[in-house]
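Read-outs throughout are calculated quantities, based only on the coordinates presented, and are distinct from any laboratory measurement. Keep in mind the model is a prediction, meaning the values are calculated, not measured. Cβ: placed from backbone, ideal geometry, glycine included. Neighbour counts: every protein chain shown.
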Amino acid sequence: MLRMDVIKRLGSFSIEASIISEDRVTGLFGMSGAGKTSLVNMIAGLLQPDRGIISIDGDTLDDTTASIHVPSHRRRIGYVFQDARLFPQMSVRQNLDYGRRMNRLEPNADEQTRVADLLDIGQLLDRRPGHLSGGERQRIALGRALLAKPRMLLLDEPLGSLDVERKAEILPYLIRLRDETGVPMVYVSHNADELRQLAGHIVLIKRGRVIASGGTELLPS
Amino acid sequence: MMDLTPDEWTAILLSIRVAAAATLIATPIAIGVAWLLARARFPGKAAIDAIVHLPLVLPPVVTGYLLLLTFGRRGLVGAWLADNLGIVFSFRWTGAALACGVMAFPLLVRPIRLSIEAVDRRLEQAASTLGASPWRVFTTITLPLALPGVVAGMVLAFAKAIGEFGATITFVSNIPGETQTISAAIYSLIQTPNGDAAALRLVMISVAIALTALIASEILARRATQRLHGA
């Protein structure tokens, strides 16, 4: 379960949001500039709230009154960014293995094969990120985040930089991911169709505030 | 023309040893300082930046004299190092290396700092969410991506150290076999009657070393860049 109740000032913009979600996939919906990315950055630990708490499954990640701020590298929260952010100096295989190395997990060939099959990236392993299409890069970013064994996956407009065809290419993988991995996800989008297909619990964000939360019926048609 | 006397060989090899030691020891320090200047926010950053660049704008004689005052046998740091660790700089090749390292330091820091600043911080954030501590983010992402700048800085520093004259001669004098580098040897030869031919040979050698360093840096930088965006 994700709980967050935070206040954050960013220049003239401010965020005051309270979110509680027990669903497998929580969808944050809102226009660009509504503060969605700042919210997930706070969950990831890349941004520190001015005041408030963030916890996952009862485990406190931020609590400003108790001066708790778990740094991002100790949160075990996977993050798939809009721009895949693959490491250009590493092969696809090294990118995928990065989280395992950093978390000092045992090599697990079965797990790697399973994720590679899930995302159809087995044939790309020896390539460099510079030689991949946008859709391939995003699939590898997904695999890389999953193989770090996160307790939650944040997806910030993962289809945002892709054209319509590529979006249609990736969406089935995201649905498979949701159904087969069991890792809870927070999915950020300004596209109602994507969220309808993926998310169970919807949080509507506007100008840094939560204006409604509930089922997918909240999404504009 | 290229028949070098043993004395000339000594000066050449000493120069290479001094410059290599100066570059290798200064590089890790320069990487740390460059990272601080590029990424850290702390009070006094402008002062650190200024101190790093000081050897570039001070007369080399002044830098050499300050080194003598600090690291000389009777200098504050020099006396302590000699008494406690047995490290002596004055009139030794190690002192020449220290002088060269200090003089080359700004040339080393600048390209490294620029290349660290050019590393996409979003990649560092991604590494952090994958479980990399700040130190490992630095060693696995920032430093490898900044490598072309590190190589460029090292070559520049090496070339500078090979040619360093003013600070070295002020600090550790001009002792054949110990502190007489190519530049100091050329200087001595020019002042010696009939030393012109020998001086010219050493001039040719130093031109050759400088050219080789430049070509090597070009090749290394190209390879490093290829590796980053590479095939």
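With both partners inside the protein assembly as shown, how many of the DSSP beta bridges are antiparallel, as a percent to the nearest 5?
Values: 26 of 44 bridges.
Bridges in the protein assembly as shown that DSSP calls antiparallel: roughly 60 percent.
What average number of partner chain Cβ atoms lie no more than 10 Å from the Cβ of the residues making up B:136-146?
Mean partner-chain Cβ count within 10 Å for B:136-146: 2.
Put +1 on the Cβ of every Lys and Arg and -1 on every Asp and Glu Cβ in segment B:6-226; which of B:76, B:208, B:29 then has its Cα farthest towards the positive end of the dipole?
B:29
Would you mind getting me the FRET efficiency between residue A:164 and residue A:206? Use the beta-carbon distance for r and R0 = 30 Å, nearest 0.05.
Details: r = 26 Å, r/R0 = 0.87.
According to the calculation, E is roughly 0.70.
In Å, what Rg and Dmax follow from the Cα atoms of the protein assembly as shown?
Considering the protein assembly as shown through its Cα atoms, Rg and Dmax are 29.1, 98 Å.
Of A:206/B:45; B:45/B:160; A:149/A:206; A:8/A:167, which pairs sit farther than 29 Å apart, going by alpha carbon to alpha carbon? Walk me through the numbers on the way to the answer.
On the way: A:206/B:45 40 Å; B:45/B:160 26 Å; A:149/A:206 32 Å; A:8/A:167 32 Å.
In this structure, A:206/B:45; A:149/A:206; A:8/A:167 lie more than 29 Å apart at Cα.
Just A:189, A:14, A:38 to compare: in a GNM of chain A, with alpha carbon springs under 10 Å, which one fluctuates most?
A:14
Considering segment B:6-226, what Rg and Dmax in Å follow from its alpha-carbon atoms?
19.4, 69
Assigning unit charges at the beta carbon (Lys, Arg +1; Asp, Glu -1) and nothing else, what dipole magnitude in debye, to the nearest 20, does chain B show about its Cα centre?
In total the dipole reaches around 860 debye.
In segment B:118-162, which chymotrypsin sites (Phe, Trp or Tyr not before Pro) fall in coil by DSSP and have 12 or fewer other Cβ atoms within 10 Å?
Passing both the DSSP loop test and the Cβ count: no residue.
Most mobile of B:19, B:97, B:40 per a Gaussian network model of chain B (Cα springs, under 10 Å)?
The residue with the greatest mean-square fluctuation here is B:40.
If you find the alpha carbon centre of segment B:18-60 and of segment A:158-205, how far apart are they in angstrom?
Comparing the Cα centres of segment B:18-60 and segment A:158-205, I get a distance of 48 Å.
Could you check which residue among B:16, B:219, B:186 shows the biggest mean-square fluctuation in a GNM of chain B with a 10 Å Cα cutoff?
B:219
Please compute the contact order of chain B in relative form: average sequence separation of alpha-carbon pairs under 8 Å and at least six residues apart, divided by the residue count, as a percent.
29
Over segment A:86-210, what is the mean sequence separation of C-alpha contacts under 8 Å (at least six apart), divided by residue count, expressed as relative contact order in percent?
Working: 122 pairs, mean separation 32.2, N = 125.
Dividing the mean separation by the residue count of segment A:86-210 yields 26 percent.
Would you list, by chain and number, the aspartates and glutamates whose Cα falls below 12 Å from the Cα of residue A:36, excluding same-chain residues fewer than 8 positions away?
Qualifying aspartates and glutamates at Cα under 12 Å: A:16, A:156, A:157.
Is the C-alpha gyration tensor of segment A:35-128 telling us rounded, prolate or oblate? Criteria: a/c under 1.5 is rounded; beyond that, a/b larger than b/c is prolate, otherwise oblate.
prolate
Note down the magnitude of the dipole of segment A:63-195 about its Cα centre, charges +1 on Lys and Arg C-beta and -1 on Asp and Glu C-beta and zero elsewhere, to the nearest 20 debye. Show your work: numbers first, answer last.
Numbers: 20 positive and 19 negative charges, 134 e Å.
Roughly 640 debye for segment A:63-195.
Considering only DSSP beta bridges with both partners in segment A:63-221, what is the antiparallel share in %, to the nearest 5?
Given both bridge residues lie in segment A:63-221, the antiparallel proportion sits at roughly 45 percent.
Based on Cβ point charges of +1 for Lys and Arg and -1 for Asp and Glu, what charge dipole magnitude is obtained for segment A:1-95 about its Cα centre, in debye rounded to the nearest 20? Before the final figure, lay out the partial values.
Details: 11 positive and 10 negative charges, 76 e Å.
Roughly 360 debye for segment A:1-95.
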